[in-house]
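Let me begin by presenting the structure, written as structure tokens, before commenting on it.
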């Protein structure tokens, strides 16, 4: 019983990071109704940026946080101009295809350059013991960092001028344009933020688990599930839903083989979509 | 009835010509190399034509079309090796099973619209793959093998390759006629209406969830049979090759390259892509970058030529729409 409890608590810790990853997806989705299928590739890029920084500079893993965030923002702006700008407002098919194509290019380059072997980053953080169980320090630090970044995003969207502009564009792009908000720039910034969040969450996941070039798919799927649970375009909902997914994963892991976890999560995804079409914590229109 | 009506249109005979060329070309001089390259072309045409029913007509992107192909292969090989059924019986059973499964899935996930359907199809690949990897009767991640003896039922190893080739061409012809027949039927018009504006289609009386599920189920049958043939030919199936991510993305590239929603364009796209791929794979520098090139090609098409090759041809020669549909 205590084992299950420990597994659940650990799941919740990891869930914060899932929530952070999904926030990146849901932000772009909410603002411009585009699903960023490069999400997985960006998460993996974050993981390999971590690997590069730790191995090349020999510094602590958490130093990578700021550079990954800045680089992610830049990559996101580039992604917007390459693949998304022409697709905003078109049929969903087109933006799905264009981001899917970029994802293929990135995954293809990654596989060609790095192969599909397993990589690992060692993080030495003392864990916290509770009886016979020890919670890895890396999990605790990652959860705290994810929560802090999520709170930072919440403040950014709520308090700053750019954040308010992002919310205005999400709410009604034409009206935002009419009151003088440079919507194109705001859309680009939103994609930048979304990708930065994906990169940072990838970096944090890289401190928790080993990874390969192809890990992205599994985390993309998790992000979809979290987004659906949390309500589309609702970053705070995504964080809670991420924690909920982590909790579920923690509760299920002791009983079923790992390879089934994704199937269970996916089944949950379809059921939630059919029963609650707007997501479990569906926001009011434009509640971003 | 529909078939008779179609036979009066020139495009009906264009398809017949394509099939005839495929069937006769390798026979001239017993050209085995040509046969092996044409069988791959035919496979691309089958998968792309059937994906086109969803992607081109209905405007619903199915990232998991490869699931039909892989499951068909698994069911067929399992029937042949596990239960000892002949190939002629196993193929239709595999097709029917996969189609039925697609109908059940479809009725569930096709209530989802637009984005959500696309996401659900990504989940289906993961789900089916995890299932197959854990399913003991299908050999788990090790896969299924056929013993050499099963080839006797279609005339020994040398003959078998020809039999499989002609079966594959037959399935290709059926795929082309199927997508043409669907496009010309009332059902197809309903699908095209869904593709243009789903709400308007529903208001005008198109039973959208049912039509979408039927389209999904229709587009599953022939790829499943092609999967059965393909893996019967290689006598071996494993999860990684059955649910090959590269193939499933290539098929999307093929549909977009040829022109989504056109029958001829998709076949043309399949031929062109397959030639390009054959060239790239034999060039050492490029063989590692196959995914990169497919992706870059897809991005260019989506950004600059959303109509694909046929879209370009139609805009240059509008009258050709009457002959090549």
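Details
- Averaged over peptide B:131-140, the number of partner chain Cβ atoms lying within 10 Å of each residue's Cβ comes to 1.
- Over the residues of chain B, the helix contribution to mean residue ellipticity at 222 nm works out to -24500 deg cm²/dmol, using -39500 (n - 2.57) for each DSSP H run of at least 4.
- Residue by residue along A:82-92, Cβ atoms of other protein chains within 10 Å of the local Cβ number 3 on average.
- Exposure proxy for A:43, A:205, B:154, A:189: other Cβ atoms within 10 Å of each Cβ, ordered fewest to most, give B:154, A:189, A:205, A:43.
- Ranked by the mean number of other Cβ atoms within 10 Å per residue, highest first, peptides A:175-186, B:231-242 order as B:231-242, A:175-186.
- For chain A, the longest principal axis of the C-alpha atoms and the axis of helix A:2-32 are separated by about 20°.
- FRET E, pair residue A:124, residue A:57, Förster distance 22 Å, beta-carbon r, rounded to 0.05: 0.85
- Sequence ranges A:256-262, A:144-150, ranked by mean other-Cβ count within 10 angstrom, highest first: A:144-150, A:256-262
- Sequence-separation-based contact order of chain A, relative, with Cα cut under 8 Å and 6+ spacing, percent: 40 percent
- Over chain A, DSSP H runs of length four or greater, each weighted -39,500 (n - 2.57), average out per residue to a 222 nm ellipticity of -24000 deg cm²/dmol.
- Overall shape: rounded for region B:2-322, with the ratio a/c of the largest to smallest alpha carbon gyration tensor axis below 1.5.
- Taken along the Cα-to-beta-carbon direction at a fixed 7 Å, the label points for residue A:148 and residue B:322 span 7.3 nm.
- Rounded tilt (10° steps) of A:216-230 against the dominant C-alpha axis of chain A: 70 degrees
- Chain lengthening between residue B:276 and residue B:7 when straightened (0.36 nm per residue, less Cα-Cα): 93.5 nm
- P(r) weight above 47 Å for the protein assembly as shown, C-alpha pairs, percent: 16 percent
- Rounded tilt (10° steps) of A:137-159 against the dominant C-alpha axis of chain A: 20 degrees
- Two-site label geometry, residue B:186 and residue A:255: point separation in nm, points 7 Å out along Cα→Cβ: 4.9 nm
- Here the label points at residue A:274 and residue B:241, each 7 Å from Cα along the C-beta direction, are separated by 3.5 nm in the simple model.
- Most mobile listed residue (B:85, B:47, B:309) in chain B, GNM with C-alpha springs under 10 Å: B:85
- Sorted on the mean count of surrounding Cβ atoms within 10 Å across their residues, most packed first, peptides B:133-139, B:295-301, B:27-33 read B:295-301, B:133-139, B:27-33.
- Ascending count of other beta-carbon atoms within 10 Å, so fewest first, for A:33, A:122, B:41, B:244: A:122, B:244, A:33, B:41
- Pairwise centroid distance, computed over Cα atoms, of region B:57-108 with region A:119-157, Å: 44 Å
- Per-residue mean of C-beta atoms belonging to partner chains within 10 Å, peptide A:220-232: 2
- For B:54, A:94, A:130, A:42, order by how many other beta-carbon atoms lie within 10 Å, fewest first: A:130, A:94, B:54, A:42
All of the numbers you see were taken from the coordinates with simple rules; none came from a lab. Quick caveat: nothing in here was measured; it's all calculated off a predicted structure. Because the Cβ atoms are built from the backbone with ideal geometry, glycine has one as well, and the counts that use them run over all protein chains shown.
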